[in-house]
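To start, the structure under review is shown below, and the notes come after it.
The values are calculated or read from the model by the stated rules, or taken from the named source; none is laboratory data. All of these numbers come straight from a predicted model, not from anything done at the bench. Positions of Cβ are backbone-derived with ideal geometry, glycine not excepted, and every protein chain shown enters the neighbour counts. Ligands, DNA and RNA are excluded from the accessible area calculation, which covers all protein heavy atoms including side chains. Shrake-Rupley method; radii C 1.70, N 1.55, O 1.52, S 1.80 Å.
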Amino acid sequence: MGFPTEYSYTLFFYGPYSEGLHADVGLLQAFGLVTEHERSSHQGDTYFVLTASPEAVMAETAPYRHFIDLMQNADAVVLELAATYDMFRTMNSDHEGAMMRLRRKKGGKCDNGNDERALELLRRLGLPTV
């Protein structure tokens, strides 16, 4: 989406993971600019919500605010599925291959329309889904 970062990602247990991003979030936490809260999904899975303090908001992020808001307001499972699908696409899977890999990796999280909501989120973000 053009956000100026150079993070590299690898496929990890729950989806894409970036050691560089993880380190930077830790630094932001140390400076009190980001807080992390543990939550539980309806399925009982643990996930974490990061919240930026007002001091962390930068004018440079304004062009990306729409994308940030879409992801921030997405259900955690849907966001996880979207990120994982996008990672598979980045790894050169076509749509069918990415969906197959997503369902194999995420199992029941894809149920109840979550996989379709993940694709819709990606479409709204302007990322490829077909």
Restricting attention to the stretch 18-40, report how many residues are open to solvent by 70 Å² or more (accessible area, probe 1.4 Å) and within 20 Å of ASP75 (Cα to Cα).
5
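Scanning the stretch 33-48 for residues that are of a type outside the set (S, T, N, Q), at pLDDT below 95 and touching a Ser or Thr at 6+ places or on another chain (Cβ under 9 Å), which turns out nearest to LEU81 (Cα to Cα)?
TYR47
Looking at MET71, MET1, can you tell me which residue is open to solvent by 70 Å² or more (accessible area, probe 1.4 Å) and in contact (Cβ under 8 Å) with a residue 40 or more places away in the chain?
The match here is MET1.
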Residues of the stretch 50-65 being within 26 Å of LYS109 (Cβ to Cβ) and without any contact (Cβ under 8 Å) to a residue 24 or more places away in the chain, which ones?
THR51
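This table checks each residue for (1) closer than 19 Å to PHE13 by Cβ; (2) in contact with a Ser or Thr (Cβ under 9 Å, 6 or more places away or on another chain).
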position: ASN73; (1), (2): no, no
position: THR84; (1), (2): yes, no
position: THR90; (1), (2): yes, no
position: SER93; (1), (2): yes, no
position: ARG103; (1), (2): yes, no
position: LYS106; (1), (2): yes, yes
position: ASN112; (1), (2): no, no
Members of the stretch 11-49 that are closer than 24 Å to ARG124 by Cα and either in a loop (DSSP other than H, G, I, E, B) or without any contact (Cβ under 8 Å) to a residue 60 or more places away in the chain (or both):
TYR14, GLY15, TYR17, SER18, LEU21, SER41, TYR47, PHE48, VAL49
If you go through the stretch 68-78 one residue at a time, do you hit one that is under 27 Å from LEU127 (Cα atoms) and over 17 Å from the mean Cα position of the chain (by Cα)?
no
State which residue is most open to solvent (accessible area, probe 1.4 Å) when the search covers only the stretch 74-130 and only residues that are polar (S, T, N, Q) and part of a helix (DSSP H, G or I).
THR90
Which condition number does SER53 fail, the rest of (1) closer than 25 Å to ALA98 by Cα; (2) small (Gly, Ala, Ser); (3) surrounded by 12 or more Cβ atoms within 10 Å (Cβ to Cβ) being met?
(1)
